[in-house]
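A.B. asks: For reference, the structure I am asking about is given below.
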Amino acid sequence: MTYRDDSYRSTTMEPPARPATRVPMGTDDADAAEAAYKADRRKTGIRDIVGGLVLIGIGFAYGGSIFMGTADVIDWAFDILGTFWVLKGLYLLFT
């Protein structure tokens, strides 16, 4: 006599479940997808701005910066990379 045991069923062959998305009433899927895309770009933009500020802060921690007038090669590198990431984040945030 055998019993069927569904708890033993393997889940490796099943496709992954779609994430649940909430669509506001009165909008279609295209509007919801565009809103989700813009929210993701804003989150990425803020993350890039914070990363750029951290790089500029590391440059300050080393004791010099092109923004303070005392710059060395390593200070140029940190400040240019930090400025790039801040500007990239601002671009993603406002476009």
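The values are calculated or read from the model by the stated rules, or taken from the named source; none is laboratory data. All values reported here derive from a predicted model rather than from experimental measurement. Virtual Cβ from ideal backbone geometry, glycine too; neighbours counted across all protein chains shown.
A.B. asks: Of the residues that sit in region 52-94 and are hydroxyl-bearing (Ser, Thr, Tyr) and surrounded by 13 or more Cβ atoms within 10 Å (Cβ to Cβ), which one is nearest to Arg42 (Cα to Cα)? Please lay out each step first, then the result.
C.D. replies: The initial filter retains those residues of region 52-94 that are hydroxyl-bearing (Ser, Thr, Tyr), namely 62, 65, 70, 83, 91.
Imposing the further condition that a residue be surrounded by 13 or more Cβ atoms within 10 Å (Cβ to Cβ) reduces the set to 65, 83.
Working: Ser65: 28, Thr83: 18 Å.
So, considering only residues that are hydroxyl-bearing (Ser, Thr, Tyr) and surrounded by 13 or more Cβ atoms within 10 Å (Cβ to Cβ), the one nearest to Arg42 (Cα to Cα) is Thr83.
A.B. asks: Additional query: With the condition kept exactly as written, say whether any residue in region 38-60 is more than 24 Å from the chain's Cα centre (by Cα) and at pLDDT below 80.
C.D. replies: Here is the first cut: in region 38-60, the ones more than 24 Å from the chain's Cα centre (by Cα) are 60.
Subset that is at pLDDT below 80: none.
No.
A.B. asks: Quick check, is Ile74 under 27 Å from Thr95 (Cβ atoms) and of a type in the set (A, V, I, L, M, F, W, C)? Spell out how you get there, then give the answer.
C.D. replies: Values: under 27 Å from Thr95 (Cβ atoms): no; of a type in the set (A, V, I, L, M, F, W, C): yes.
So Ile74 does not fit the description; no.
A.B. asks: What's the number of the condition Ala30 fails, among (1) surrounded by 13 or more Cβ atoms within 10 Å (Cβ to Cβ); (2) out of contact with any strand residue (DSSP E or B) (no Cβ under 9 Å at 6 or more places or on another chain); (3) at pLDDT below 85?
C.D. replies: Among (1) surrounded by 13 or more Cβ atoms within 10 Å (Cβ to Cβ); (2) out of contact with any strand residue (DSSP E or B) (no Cβ under 9 Å at 6 or more places or on another chain); (3) at pLDDT below 85, the lone unmet condition for Ala30 is (1).
A.B. asks: Limited to region 66-95, what total is found for residues that are among the aliphatic types (A, V, I, L, M), over 10 Å from Gly52 (Cβ atoms) and in a helix (DSSP H, G or I)?
C.D. replies: Adding up the residues that qualify gives 6.
A.B. asks: Further question on the same structure: Asp5: acidic (Asp, Glu) and at pLDDT 85 or above, yes or no?
C.D. replies: Numbers: acidic (Asp, Glu): yes; at pLDDT 85 or above: no.
When the stated conditions are applied, Asp5 does not pass them.
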